[in-house]
1. Any residue in region 64-74 that is assigned to a strand (DSSP E or B), farther than 16 Å from PHE20 by Cβ and modelled with pLDDT of 90 or more?
2. Can you tell me which residue among SER132, SER122, SER160 is among the polar types (S, T, N, Q), surrounded by 15 or more Cβ atoms within 10 Å (Cβ to Cβ) and at pLDDT 95 or above?
3. Check off (1) under 15 Å from VAL244 (Cβ atoms); (2) surrounded by fewer than 21 Cβ atoms within 10 Å (Cβ to Cβ) for ALA2 and give me the number that stays unchecked.
4. Looking only at residues in region 29-58 that are under 14 Å from the mean Cα position of the chain (by Cα) and among the β-branched types (Val, Ile, Thr), which one is surrounded by the most Cβ atoms within 10 Å (Cβ to Cβ)?
5. Residue check: is GLY181 surrounded by fewer than 17 Cβ atoms within 10 Å (Cβ to Cβ) and at pLDDT below 95?
6. Working carefully through the options ALA85, ALA60, ALA99, find the one that is at pLDDT below 90, aliphatic (A, V, I, L, M), under 19 Å from ALA28 (Cα atoms) and in contact with a Pro (Cβ under 9 Å, 6 or more places away or on another chain).
7. How many residues are in a strand (DSSP E or B), closer than 22 Å to GLY82 by Cβ and free of Cβ contacts under 8 Å to residues at least 40 places away in the same chain if we restrict to region 1-52?
8. Test each condition in (1) more than 21 Å from GLY19 (Cα to Cα); (2) in a loop (DSSP other than H, G, I, E, B) for LEU177 and report the one that comes out false.
Amino acid sequence: MALPISVFSDGRKVDSGTGFIYFFEEKAWLITNWHLFTGRDSTSPERPKYPTPTHISVIASRLEDKDTLSFQEFTLPLNIGGRSAWIQHAYGPPYDIAAIPFRWNVDYTPHFRKMGSFLGYSMVGDIDWGVSSECFVLGFPQVRGNRHNLPIWKRATVASEPDLDYASQPMFLVDTLTSGGMSGSPVVLFRSGSYTSRGGALNAIAGAKGPAKSVQLIGVYSGRYLEDDPLAPQLGKVWRISTVDEMLSNPSPGFLPGN
């Protein structure tokens, strides 16, 4: 599922966000937003928003038993020996996605499939969806009281045609109101009980304790669209999950424009 990220420049915390573990060719990656690793807006990358990040910390979960979670913090440097430790899409910004290899103790299970199984979800990939479909942004808004370290499920509605580029970029919009800390969140579909697949078949899968709960990963959230405009509608940007596959299949070292 989603993991909370704290961003540091040397010893000072400069930002926070969300990420998630994604497996590609049997390798685990932490997926999040480009702007969290660089401290720059992906649409105007020449202007830093805060000092260049040096490392991030991520909190992952461990299954102590069937009913109990414990947590461990991992520190990931963004630069090793003068070289970038993370990757970006070959097109660079404005593609606001980034990835860094993630290794953890085998007992810790921060990735979608195992955590989903723990929470009673099944991961699927064939749910029929489109504009007006309900989805959820799973992240860690900057609010107090989340002692279980599990993400907030922020309800949203797909607001643009997801198979068509928006603003000439491979993203779609969702209708939702989010706050700081949600950047890099996975965006998922959720169905309880039966669901219709893209081929039109009805899938009715019974779970061990009632109707099955099915989850499908569809994208990476990267903040509000036109967020600096107070009159803009409350819309969020979601990079299609296919852009993550493109990035991982043809990785480019992460870099800061002008450096």
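1. No, region 64-74 contains no residue that is assigned to a strand (DSSP E or B), farther than 16 Å from PHE20 by Cβ and modelled with pLDDT of 90 or more.
2. SER160
3. (2)
4. For region 29-58, the residue satisfying everything is THR32.
5. Numbers: surrounded by fewer than 17 Cβ atoms within 10 Å (Cβ to Cβ): no; at pLDDT below 95: yes.
In short, no.
6. Values: ALA85 fails: at pLDDT below 90; ALA99 fails: at pLDDT below 90.
None of the others qualify; the one that does is ALA60.
7. Selection size over region 1-52: 3.
8. (1)
The values are calculated or read from the model by the stated rules, or taken from the named source; none is laboratory data. Predicted model only: the values in this text are computed from it and were never measured. Here the Cβ is made from the backbone with ideal geometry for all residues, glycine too, and neighbour counts use every protein chain on show.
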